[in-house]
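Below you'll find the structure, written out as structure tokens, and then a few comments.
Each value in this text was obtained by applying a stated rule to the coordinates, not by laboratory testing. All values derive from a computational prediction rather than experimental measurement. For neighbour counting, all protein chains shown are included, and Cβ atoms are generated from backbone atoms with ideal geometry for every residue, glycine included.
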């Protein structure tokens, strides 16, 4: 087997083991899963960590998430598109939480893997750009640019899952999109706006059935 093919086979065998065991997976376990001698690993990788970094990059490939965002119907309302997008972000973050932590530890701790660090940064940028592309058709309706709005949505999703006050059951995709688009104020521009019956009103309703106040 050619070295590149051997590398690819070892990476594929390592991905599920990293998901199951984290960074504590042994080269013996990897070799058994790949059906090779343990020494074969060091014939194509300088050390175990280099293999783990390669496996993490493979496992954290953002392409499936990006493709799913691209497939969102641009003719849906902004609120619906953003809710679908937030659900995709949640799924990626939840499925890969331990892998992301492991990748940050390996790539950033001693700076031995600049290519992996650059890859992770590029993945974050591609995710941001894809979310912004979902928002862009309605960009003129927002007070912030599509990219800034995308950054806020990613920030909200990350905090809801990983933050000390996060609670995905309470702050789900729809709740975060409502926070992003509607804000929290009941009144309008700091003043009470009422209709002829004295009830609070909002003349800034959007065509998604919500209010646009971000």
For the chain, what D do you get in µm² per second when you plug the Kirkwood radius from alpha-carbon pairs into Stokes-Einstein at 25 °C and 0.890 mPa s? 124
Under the classification rounded if a/c is under 1.5, otherwise prolate if a/b is larger than b/c and oblate if not, where does the stretch 63-182 fall, given a ≥ b ≥ c as square roots of the Cα gyration tensor eigenvalues? prolate
Using only the Cα atoms, work out Rg/Rh for the stretch 1-48, with Rh taken as the Kirkwood radius, to two decimals. 0.93
On a 0 to 90 degree scale, rounded to 10, what angle separates helix 3-21 from the longest Cα axis of the chain? 60
Can you grab the distance from the C-alpha centre of the stretch 1-55 to the C-alpha centre of the stretch 125-179, Å, no decimals? 36
Extending each Cα 7 Å along its Cβ direction at residue 145 and residue 70, get the distance between those two points in nm, one decimal. 2.3
Please give the helix 78-95 orientation as an angle from the longest Cα principal axis of the chain, in degrees from 0 to 90, rounded to the nearest 10. 30
Any chance you could give the angle, 0 to 90 degrees and rounded to 10, that helix 173-182 forms with the longest Cα principal axis of the chain? 40
